[in-house]
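Data first, discussion second: the structure below is written as structure tokens.
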Amino acid sequence: MRAFADTSFLYALYRQQENSRLADVLLARMRQPIRVSSLIIFEFRQSARFQAFRFSKDRRHGFSKREAYQMLNVFQENIAAGCIELIPADWQEVHSIAERLSSQHTVSGGHRALDILHVATALQQKADQLFTFDSNQGALAKSAGLEVRP
């Protein structure tokens, strides 16, 4: 199994939410590290920081800076421990795959640029599965031949 995880899956692991139990069960069954790209890592970190910003402006939105930094610290510890594996991507090839996916699927499926790049990275890495809770990204991944989990 060559699985690739997206940001929605990581969020379910690092912040309690509706999908967290399902993500935890899937993680417990894995026999290898969670594979991610540098783009996924950036998006995860940026999102946590942005949620802290949102919370600082209006406490009804986002979450505290303390929670954001706690998530980021545990995430970094898991990278250092090898639980999360950063896979080097050939970005020129990823962009070529992404352009093909965009031209074939965006008009009919309404896919966002980062979602297309994540699926393209999974394909470039010869992944056979994408771990995501993003239904639109999952639909794109399925149409590209990936098994979508959970």
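The values are calculated or read from the model by the stated rules, or taken from the named source; none is laboratory data. This structure is a prediction, so every number in the text was calculated from the model and none was measured. Neighbour counts are summed over all protein chains in view; Cβ atoms, including those assigned to glycine, are modelled from backbone coordinates with ideal geometry.
Of note:
- Flag set for A127, criterion: touching a residue at least 12 places away in the same chain (Cβ under 8 Å) and small (G, A, S).
Quick grid of which residues meet (1) farther than 15 Å from V36 by Cβ; (2) surrounded by fewer than 21 Cβ atoms within 10 Å (Cβ to Cβ):
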| site | (1), (2) |
| --- | --- |
| T121 | no, no |
| Q129 | no, yes |
| A144 | yes, yes |
| E147 | yes, yes |
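- Within the option set R100, R49, R35, R112, being in contact with an Asp or Glu (Cβ under 7 Å, 6 or more places away or on another chain) and closer than 24 Å to F4 by Cβ holds for one residue only, R35.
- Filter pass, Q129 being within 16 Å of the chain's Cα centre (by Cα) and not acidic (D, E): yes
- When we screen S102, S37, S135 for residues that are hydroxyl-bearing (S, T, Y), surrounded by 16 or more Cβ atoms within 10 Å (Cβ to Cβ) and under 27 Å from Q16 (Cα atoms), the only hit is S37.
- Residue, modelled with the lowest pLDDT, within the range 1-36, restricted to residues that are charged (D, E, K, R) and not in a loop (DSSP other than H, G, I, E, B): R29
- Residue among I97, I116, I40 that alone is in contact (Cβ under 8 Å) with a residue 60 or more places away in the chain and of a type in the set (A, V, I, L, M, F, W, C): I40
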